[in-house]
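The values are calculated or read from the model by the stated rules, or taken from the named source; none is laboratory data. All of these numbers come straight from a predicted model, not from anything done at the bench. Positions of Cβ are generated from backbone atoms using ideal geometry, with glycine treated the same way; all protein chains shown enter the neighbour counts.
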Amino acid sequence: MRHARSSSRRGKVFALLALLSSLTGCASTTSFVRSDATLGRVVVYRNGVAYFERTAEVEGDTLRLRVPADKVDDFLKSLTVTDVTTGQPAPVAYPTDTPRASDGLIDMEIRLGGKGPHKLKLSYVTEAPSWKPSYRVTLSPSGKVKLDAWAIVDNTSGEDWKAVNLGVGSSSALSFRFDLHGIRVVERETLRSNDLFAHAPPSGGAVHGGDGDRRVLAELSESALRTEVDVAREAPKKEPRTSSSRKPAEERPVAQATSGMGRGASSRAVAQAFPPPAPPPPPKDKEAERMHALAGSLRANKQAVVIEGFADEADGDKMAASLDRANRARDQLLRQGVAPEQIVAVGRGQADGRKGGVRVVEAPREKKAADPGKAGGPGEAQEPSEPIGTSHFESGTPMTVERGTSAMISILSSEADGEIVYLYDAESARGNAQFPFRSVRLRNPTGSALDTGPVTVFGEGRFVGEGMADPIPAGAVAFVPFALDRQVVVDKKTDESDRIQRILTVQRGVFHTELRHTKKTVLSLTNRLAEKVVVYVKHTVPRGYSLVGDTKPTERLGDAQLFRVEVPANGKTDVVIDEATPVFRTTDIRSPDGLQMIRVHASGLAPEDPLKRRIEELVKLHTEMANLEQHIQTQREQMVELRARMDELHAQVLTLRAVRTTSPQLLGHLEKKLQEVSERVSKATVAVVALQERLMVAKVRFQDGVAELSVERAEPRP
């Protein structure tokens, strides 16, 4: 008996579903056997479904319907049948083995519980074309805009919608198809009693190295780290043409650099006097080609990597030497266009089986929870970030939409807060890097989300442009670009710089530092109009960077920041955007660039810091060495000129002595001049020797100071 009642109830449910299916059938032949079911309300959604409400009056206890077979599952998922008199759900039953007719419909006989008559309200959700929004914005000088919106609805249900309350809506609700009508048989596993007693062992495999899941991208030897300067320095130099009295090149000793820095003033003088030939191009060996290919790959996929440097057995300070190799490889990749934030250089010291060189591996991935509000890193699949929200608009009066036609429903007509601004967008696919777009900046005046749709803009009774609106949540502000009038011009300049943020360790003059790599973008906005304009600059901060400086964003647009700028009439305004990212590297105080960076950083240290005093002493010694080298260079240049003058005077004296008619007074004057020049050469020689002694002492003191400069420290970030 219970089984019979259950079957009867299922039959009634299916009958109601069939009723709903026939009401929204895809063909004009779909209809009720009974005609007392009336369609009263339709709400079409953006996710491909529509909500229907109907009423039906049944005198007896049976309702015969013809149901489209492909709509049954949607009805079963969403069907609600309510007895209007009692307000309670009505029990229904339907047969499960009803055959399908040749036209794809199912004839169903629905039995209703209880005695008639029955007054029923049916509601369900089924497939329907998505509605399309269309907007119109009318500009006004009062600081307000007129916002009108229409919804375009297509009736493909196979029946006329007569005098129905028609509405549209959108939500984040998902929809799908699911088989509820078919009978589901559970497949069970079949077991056997003859178990196996001899089991095969699992397959073996090679063990992984110590890098875990980080992939090695490249192994580079010492030859890959050579720069153009190194190649030029290693190339044989051509000797200048000299007289036969000079020794051949292979017999002359190689001149040593006179500066502890390796680039003294004296070496510069020799280079000026005897300029070497142009350095040959770097050799195109396999290592150089691998470095070039690695740089191209990193530029393309924006992958973050770690460069690991290794020391050689002949290196004195193993850690400093390995870190120097890593930094040299990093500098080569930077010169080939790889972004600084992609590369981290680290020293590994001396490793077994390695003689110098570097290894490039993938940077460890950060295991963070997915944030749907933020874009992922390079190579990650991105989900659309536009808001969906919830909206509902309904016509105030009943409407009639015949089958196979479309209706345009007014869903909004209201004033909204809005203004005309310019939006500078050089990042989007259809953006412009030189001119901002004229745009409407408006606030959604409703409590519902406005879906994506075209926007037509009118001003002063005429058409001024059109654009596309992204989804606008309730009460939110949106930008709609609609024209490109080229009245505001943007000039863009970029610059990059490095500055020491903190000193980690100091070992024998080699500073392990954290640099702040700063990108500076300067946008010069020129207004060619006779009135003030407001420009919103759209800028996306790269991954790994953060905004620094005085310029602060006012709003966000997706993942980008918006900077509000007022440009006076016929005037110009500059916008400076500073972004920074930390970079770790080594800096040698013995190099000119390294000394300058260390000196600038030391100027910001506390006066009582012992490191500041020692750095200032080294800077003072370096300045003294540079001054001494300059003095030596000046003295030597004077000596060259004096010797040339001595040679001229000596030749003149010999010539006059050979002529018997020469005046003794003239000869005596030339000999006196020759003596004076000779004395000046002697004094200059003595001065050069004294300066060289002072330079040697200063170099020794400098090298001792560098050797003693070893500090373990980790300064806090300023």
Requested in this report: Report, ordered by the first and then the second residue, all pairs with beta carbons closer than 8 Å, sequence separation of six or more or different chains, a first member in the range 645-665 that is among the basic types (Lys, Arg), and a second member that is modelled with pLDDT under 85.
Outcome: Arg657/Leu667
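Give Asp578, Asp574, Asp593, Asp559 a once-over and let me know the one that is touching a residue at least 60 places away in the same chain (Cβ under 8 Å) and closer than 21 Å to Ser497 by Cβ.
Details: Asp574 fails: touching a residue at least 60 places away in the same chain (Cβ under 8 Å); Asp593 fails: touching a residue at least 60 places away in the same chain (Cβ under 8 Å); Asp559 fails: closer than 21 Å to Ser497 by Cβ.
Unique residue meeting the criteria: Asp578.
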Report summary line: Filtering the range 542-565 for residues that are within 18 Å of Val477 (Cβ to Cβ), touching a Ser or Thr at 6+ places or on another chain (Cβ under 8 Å) and not in a loop (DSSP other than H, G, I, E, B) leaves a count of 6
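Is it the case that the range 603-615 has a residue that's touching a Lys or Arg at 6+ places or on another chain (Cβ under 6 Å) and in a helix (DSSP H, G or I)?
The initial filter retains those residues of the range 603-615 that are touching a Lys or Arg at 6+ places or on another chain (Cβ under 6 Å), namely 605.
Filter again for in a helix (DSSP H, G or I), leaving none.
No, the range 603-615 contains no residue that is touching a Lys or Arg at 6+ places or on another chain (Cβ under 6 Å) and in a helix (DSSP H, G or I).
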Report task. For the range 654-666, state whether one or more residues are among the basic types (Lys, Arg) and under 19 Å from Glu708 (Cβ atoms). Result -> no
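Results for (1) farther than 29 Å from Val168 by Cβ; (2) surrounded by fewer than 18 Cβ atoms within 10 Å (Cβ to Cβ), shown as yes or no for each residue.
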| position | (1), (2) |
| --- | --- |
| Ile409 | no, no |
| Glu415 | no, yes |
| Leu450 | no, no |
| Met468 | no, yes |
| Arg486 | yes, yes |
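Answer yes or no as to whether Gly418 is part of a strand (DSSP E or B), touching a Leu at 6+ places or on another chain (Cβ under 6 Å) and not assigned by TED's automatic domain parsing to the domain that holds Thr526. Give the derivation first.
Values: part of a strand (DSSP E or B): yes; touching a Leu at 6+ places or on another chain (Cβ under 6 Å): yes; not assigned by TED's automatic domain parsing to the domain that holds Thr526: yes.
It is true that Gly418 is part of a strand (DSSP E or B), touching a Leu at 6+ places or on another chain (Cβ under 6 Å) and not assigned by TED's automatic domain parsing to the domain that holds Thr526.
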**Report entry** Residues (part of a loop (DSSP other than H, G, I, E, B) and charged (D, E, K, R)) located in the range 450-487
**Finding:** Asp451, Glu460, Asp470, Asp485, Arg486
**Report entry** Residues satisfying the stated conditions in the range 423-456, i.e. in contact with a Lys or Arg (Cβ under 8 Å, 6 or more places away or on another chain) and aromatic (Phe, Trp, Tyr)
**Finding:** Tyr424, Phe435
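So which of Phe511, Phe458, Phe482 ends up being in contact with a helix residue (DSSP H, G or I) (Cβ under 7 Å, 6 or more places away or on another chain) and of a type in the set (Phe, Trp, Tyr)?
Working: Phe458 fails: in contact with a helix residue (DSSP H, G or I) (Cβ under 7 Å, 6 or more places away or on another chain); Phe482 fails: in contact with a helix residue (DSSP H, G or I) (Cβ under 7 Å, 6 or more places away or on another chain).
Exactly one residue qualifies, and that residue is Phe511.
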Query - Positions within the range 41-61 being surrounded by fewer than 16 Cβ atoms within 10 Å (Cβ to Cβ) and either among the small types (Gly, Ala, Ser) or within 53 Å of the chain's Cα centre (by Cα) (or both), in sequence order - result: Asn47, Gly48, Gly60
Query raised in the report: Among the residues of the range 457-483, how many are closer than 16 Å to Ser140 by Cα, out of contact with any Asp or Glu (no Cβ under 9 Å at 6 or more places or on another chain), touching a residue at least 60 places away in the same chain (Cβ under 8 Å) and not small (Gly, Ala, Ser)?
Result: 3
Report summary line: When the range 503-541 is checked residue by residue, the ones that are at pLDDT 90 or above and not in a strand (DSSP E or B) are Arg528, Leu529, Ala530, Glu531, Lys532, Thr540, Val541
